[in-house]
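Notes follow the structure.
The values are calculated or read from the model by the stated rules, or taken from the named source; none is laboratory data. Source: prediction; values computed, not measured. With ligands, DNA and RNA removed, areas are computed over all heavy atoms of the protein, side chains included. Shrake-Rupley method; radii C 1.70, N 1.55, O 1.52, S 1.80 Å.
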Amino acid sequence: SHFRVGAALIPVGPQSEKRIQVGCNCEVGSYSQTIHAEGCAWSSMIAEFGTIRIARIAVVAAHEAAEVSFKFNGQNFVKVSQIMMPCGHCLQTLIDNSAINGKTQLMVLQSNGLIAISTLAYALPMPFSLIQLGINIFEKK
């Protein structure tokens, strides 16, 4: 599809800025089996650091035909033609693992190169919750 997506997750905890986990989308012929950037970053975070909560999330997405490169604070980024929010599946996964019940900060790159800042709860206002099932995956037993 030539649709590029990148995600960065910052976990809760000391020195969290040194523990940024990144991911990218990995497409396969069957789009339903494509690994989404947010899920890639989340599973990498779990594999490296164990089960921890997400404090902040940044996502950038663009179709190859629409991209224009630019630099911000010495980093290469891509401008896109519109805000492209994470899909519902990724939002649900991120909310289930967020630090503060959906109030986790979500940053999405806009077409003018600025970052739109929102929350997971705003992006997915009525998520299904593990708490509704009486499950707290972060509770110490």
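Listed values, structure above:
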{"quantity": "By accessible area with a 1.4 Å probe, ligands and nucleic acids excluded, highest first: order of M84, M45", "calculated": "M84, M45"}
{"quantity": "Computed lengthening from M107 to V12, 0.36 nm per intervening residue step minus Cα-Cα distance", "calculated": "32.6 nm"}
{"quantity": "Accessible-area value, E27, 1.4 Å probe, nucleic acids and ligands omitted, Å²", "calculated": "80 Å²"}
